[in-house]
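Trainee: The structure follows.
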Ligand code: PBG
């Protein structure tokens, strides 16, 4: 023998009972949030071409969603809305009878135990597809803040449990906090999309939500993916502005930031495994190139191992099953 073999890491890999005992990363379905696309109208239950296995639901079709959630034991959702009408100011985003507001009320009736988070942004509601109010060709940060605060308030009034601003305007967490507090919603937490990058991984979502910008791109407000320190600055600002939970987005290509944010901040940390991450796995699996289930499990655990407490994922139902079966976690 070349050297002393008293130390053998393989000893702890012998057999499933032992491997499961010494797992370092423990996960539960309580950590999962499932993104859902609500579409204004009736009788809409339509598979989303860019996101195989995901659907658009009109409010009357939501029993299909709640049955699915209950079957898999998923009890947290993140709502996005596709309005029937868009305009330059995105006014359907804060309408009392807007699509997300309708959806919240319907989901409350159908599944009282459901925890409802809403995405707060304007890009699905504006005719130009940008995340705020335009001034010329630029998004006007401070005018947008008032609108975002109004959207968050209307979601809270409709019964949302938590709001999640995804627009990347400066100061929006403070603006939303102030608006909610002034209207009696002190206890509605804010999940801040703190470090959200100008990512090509959002492509399938923009098809699903009809929210691609009609000109330009989002690099003047979403982050440059060359930057890591700046992400910590964004997190720090959100902490100071009163965020309750921080988020890094996308997830898999940004594990370094999840890890760093975990080390620096005490707030719960979420990561969003975005549409492109899901669509790539689906496409590779459909082409027979990878084992979908295995890649799904491994990718999710990587995000938790990096330090996330919460994972927002289109695979929430399948992951919840894998966790309950003890395959992961
Ligand atoms: C809205 C929003 C986007 C996503 C979440 N909220 C799209 C974007 O910023 O263009 C992306 C989610 C995904 O890709 O799954 N601003």
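Trainee: How high is the relative contact order of the stretch 22-92, in percent, with contacts defined as C-alpha pairs under 8 Å that are six or more residues apart?
Mentor: 38
Trainee: A further question follows. Between 0 and 90 degrees, rounded to the nearest ten: what's the tilt of helix 141-158 against the longest Cα principal axis of the chain?
Mentor: With rounding to tens, the tilt is 80 degrees.
Trainee: Before anything else, pin down the relative contact order of the chain: Cα pairs under 8 Å, at least 6 apart, normalised by residue count, whole percent.
Mentor: Across the chain, relative contact order equals 18 percent.
Trainee: How would 188, 117 line up from fewest to most surrounding beta-carbon atoms within 10 angstrom?
Mentor: Ranking 188, 117 by Cβ neighbours within 10 Å, fewest first, gives 188, 117.
Trainee: What is the Cα convex hull volume of the stretch 8-129 when expressed per residue in Å³?
Mentor: 155
Trainee: With a Förster radius of 30 Å, plug the Cβ-Cβ distance of residue 233 and residue 143 into 1/(1 + (r/R0)^6) and report the FRET value to the nearest 0.05.
Mentor: Efficiency for this residue pair is about 0.80.
Trainee: Between the alpha-carbon centers of the stretch 198-222 and the stretch 107-139, tell me the distance in whole angstrom.
Mentor: Measuring centre to centre over Cα atoms gives 14 Å.
Trainee: May I pose another question? Would you mind checking the tilt of helix 292-306 against the longest principal axis of the Cα atoms of the chain, expressed as 0 to 90 degrees and rounded to 10?
Mentor: Helix 292-306 and the main axis of the chain meet at about 80 degrees.
Trainee: Using a simple spin-label model with points 7 Å from Cα along the Cα→Cβ vector, what separation in nm is obtained for residue 96 and residue 6?
Mentor: Once both label points are built, they end up 7.7 nm from each other.
Trainee: Picking from 280, 296, 21, which is most flexible by a Gaussian network model of the chain using Cα springs under 10 Å?
Mentor: 21
Trainee: Please give the calculated 222 nm ellipticity per residue for the chain, where each DSSP H segment of at least 4 residues contributes -39500 (n - 2.57) and the sum is spread over every residue; nearest 500 deg cm²/dmol?
Mentor: Helix contribution divided over all residues of the chain: -11500 deg cm²/dmol.
Trainee: Antiparallel versus total DSSP beta bridges in the chain: what percent is that, nearest 5?
Mentor: Of the beta bridges lying entirely in the chain, close to 15 percent run antiparallel.
Trainee: Considering the chain as a Gaussian network with a 10 Å cut-off on Cα pairs, which listed residue, 233, 23, 68, attains the greatest mean-square fluctuation?
Mentor: Top of the fluctuation ranking is 23.
Trainee: May I ask you to sort 78, 257 by Cβ crowding, counting other Cβ atoms within 10 Å and putting the fewest first?
Mentor: In order of increasing Cβ crowding within 10 Å: 78, 257.
Trainee: Take residue 23 and residue 115, extend 7 Å from each Cα along the Cα→Cβ direction, and tell me the distance between the two endpoints in nm.
Mentor: Using points 7 Å along Cα→Cβ, the separation is 1.9 nm.
Trainee: Taking the Cβ-Cβ separation of residue 292 and residue 259 as r and a Förster radius of 30 Å, what is the calculated FRET efficiency to the nearest 0.05?
Mentor: After rounding to 0.05, the efficiency reads 0.70.
Trainee: In what sequence do 225, 94 fall when counting other Cβ within 10 Å, fewest first?
Mentor: With the fewest neighbours first, 225, 94 line up as 225, 94.
Trainee: Using DSSP, restrict attention to beta bridges with both residues in the stretch 64-208 and report what percent are antiparallel, rounded to the nearest 5.
Mentor: If I count the DSSP bridges inside the stretch 64-208, around 15 percent turn out antiparallel.
Trainee: For the stretch 239-292, report the % of Cα-Cα distances exceeding 18 Å.
Mentor: Considering the stretch 239-292, 46 percent of its Cα-Cα pairs are separated by more than 18 Å.
Trainee: Counting residues in the stretch 159-248 as N, plug N into 2.2 N^0.38 Å and put the Cα Rg over that result.
Mentor: Rounded to two decimals, the normalised Rg is 1.16.
Trainee: A follow-up question, please. Pairing the Cα long axis of helix 229-241 with the longest principal axis of the chain, what angle in degrees results, from 0 to 90 and rounded to the nearest 10?
Mentor: Result, in degrees: 60.
Where a number appears in this text, it was derived from the coordinates with a stated rule and is not lab data. Worth saying up front: this structure is predicted, and the values here are computed from it rather than measured. Quick reminder, even Gly has a Cβ in these numbers, built from the backbone with ideal geometry, and neighbours come from all protein chains shown.
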